[in-house]
Amino acid sequence: MTPRNILFLLFNIIALVIFYEPMRDLIVLALQYNAHYSHIILIPMISGYFMYLKRKTIFSDTYYAYPAGIILILTGAILYLIYKTNVINLDQNDYLSLTIFSAILFWIGGFILFFGVRAFRTGAFPLFFLFLLIPVPTFIMEKIILLLQKGSAEAAYIFFTLTGMSFTREGLIFHLPGFSVEVAEECSGIRSSIALFIMGLILSNVFLRTNWRRTILVLFIFPLAVIKNGIRIVTLSSLALYVDQSFINNNLLHRKGGIVFFLIALALLMSILWILRRSEKRTGK
């Protein structure tokens, strides 16, 4: 082991000691199978895997980058001190958002300090992927869920209209013969949307070379999530209307069938990826 690697290992131990409390709380949150953050445990593994794949390129030309590294380390430390000194009052979720963000900045600062800016640029994807460890701040998560609800309601409205079913609509509520369906927060599909977003990031990085095509693939994720939710709402409503009303409130397909509709969205995403990859091969850029 080189002196550089020994120093970076010591830096990691120091970082773990400093940020032990928020990292412990983050792991507890993920292991509780929180609807929003059950993916967190996988993030370091995926990041580490991509770092391992590109290790020869990333660490082919390393050097100490003191200014950039120290600036990020200090920024992360200051943000953490802001929380520790009770300058601002945060709930549990937002406390983790701030402290995990500061921990990642601190660690990336150490990476740049010991391995240089070129290594950081080469390993940008797995390093930035670590930011998915950060719990989304409450006010942002609420906005995302509301946007998914409204988008899903619009998609369901289109699909209900196309099927010719008899219904009336009041905002997020659809009235069908004998029952009503509300596109509630639980119907936003936030967990599957996060999973689809992560899959989109990975697929774009693995199979596409141009950044603008990667961006296009990622931008398709939100409409696909909305379409998937709309299909799920109309499918369950149709089964409730024509088969049994238990499909809309107490059926296994309603409670646990999200994976079926997630696979539909994933298949659509893969189709878009295939088109983008084919155009990339055809044009060579």
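Details
- Selection of the range 85-131 for residues being free of Cβ contacts under 8 Å to residues at least 60 places away in the same chain and aromatic (Phe, Trp, Tyr) yields Phe101, Phe120, Phe128, Phe131.
- Yes/no for Ile40 being of a type in the set (Val, Ile, Thr) and over 22 Å from the mean Cα position of the chain (by Cα): no
- Scanning the range 1-19 for residues that are within 15 Å of Tyr64 (Cα to Cα) and touching a Gly at 6+ places or on another chain (Cβ under 8 Å) returns Phe8, Phe11.
- Residues located in the range 128-169, provided they are in a helix (DSSP H, G or I) and among the charged types (D, E, K, R): Glu142, Lys143, Lys150, Glu154
- For the range 161-202, the tally of residues that are more than 21 Å from the chain's Cα centre (by Cα) and polar (S, T, N, Q) stands at 5.
- The range 240-266, residues that are modelled with pLDDT of 65 or more and more than 14 Å from Ser193 (Cα to Cα): Ala240, Leu241, Tyr242, Val243, Asp244, Gln245, Ser246, Phe247, Ile248, Asn249
- Matching residues, the range 7-45, being free of Cβ contacts under 8 Å to residues at least 40 places away in the same chain and either not assigned by TED's automatic domain parsing to the domain that holds Tyr63 or not in a helix (DSSP H, G or I) (or both): Gln32, Tyr33, Asn34, Ile41
- Residues of the range 173-204 satisfying the condition of being touching a Lys or Arg at 6+ places or on another chain (Cβ under 9 Å) and surrounded by fewer than 17 Cβ atoms within 10 Å (Cβ to Cβ): His175
The values are calculated or read from the model by the stated rules, or taken from the named source; none is laboratory data. Values in this document were obtained by computation on a predicted structure and should not be read as measured data. Neighbour counts run over all protein chains shown; Cβ positions are idealised from the backbone, glycine included.
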